[in-house]
Amino acid sequence: MKSLIEFLAALFRKAPEPIKAEPVITNDATLPSIPTRQRVNPKAIGGVAGAAVIAAATVLIAQWEGLRLVAYDDGGGVWTICYGHTKGVKQGDVATKQQCLDWLQEDIAEHSAGMRQCATVPYKENEEIAHLSLVFNIGVSAYCGSSALRKHNAGEPDAGCDLMKLWIKDNGKTIPGLVSRRNAESIICKKGTQ
């Protein structure tokens, strides 16, 4: 428990940097810029999740991603470091724990903002925590085209929570860790609705 408290304290010591709207960064790649009038959804809830959601999602994401201070191939050909950080990572990169905490904070804020640009129905806290963990793992682009988001936006949040469980493959292969993660996210997502 002490390490969790130290982790959260370290995470919030640094003031967050403003989020840039362009380009949208996902765990997979930088998406091409799209003219503003096509990209903006006037019904999107927009913004970034609140502090409580960010804090809870940070703990959840850090638990599933794990901390690795040396870059590694994630098994799908993506060089990754720290808590699932992929932006600009290459083989041989090394990071400090503080760099990892800083990147995690930045990555979660970017994914939260991207996720909220696709959502047209506000999330309950537990739903947003679970959806943010999913987005962090699959990327904003994949999430924005997902059936989980479509059901959420259609006012069927429980169905959206169930559909998170479809995201269990990497390069066509079912990954047991992703099955466990999606089950946990689905349970958190539906908390208080059963």
Could you give the semi-axes, largest first, of the ellipsoid that matches region 44-112, computed as the square roots of 5 times the alpha carbon gyration tensor eigenvalues and rounded to whole Å?
23, 13, 10
Please tell me which of these pairs span more than 27 angstrom C-alpha to C-alpha: LYS97/LYS190; LYS90/LYS191; LYS90/LYS173; LYS90/LYS190; LYS43/LYS190; LYS43/LYS173?
LYS97/LYS190; LYS90/LYS191; LYS90/LYS190; LYS43/LYS173
Pseudo-spin-label distance ALA44 to VAL78, built 7 Å along Cα→Cβ, given in nm, is 1.9 nm
Highest first, please rank the peptides 85-96, 161-172, 135-146 by the mean number of other Cβ atoms sitting within 10 Å of their residues.
135-146, 161-172, 85-96
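Each value in this text was obtained by applying a stated rule to the coordinates, not by laboratory testing. What you see is a predicted model; the values in this text were computed from it and never measured. Cβ sites come from the backbone with ideal geometry, for glycine too, and all protein chains shown count toward neighbours.
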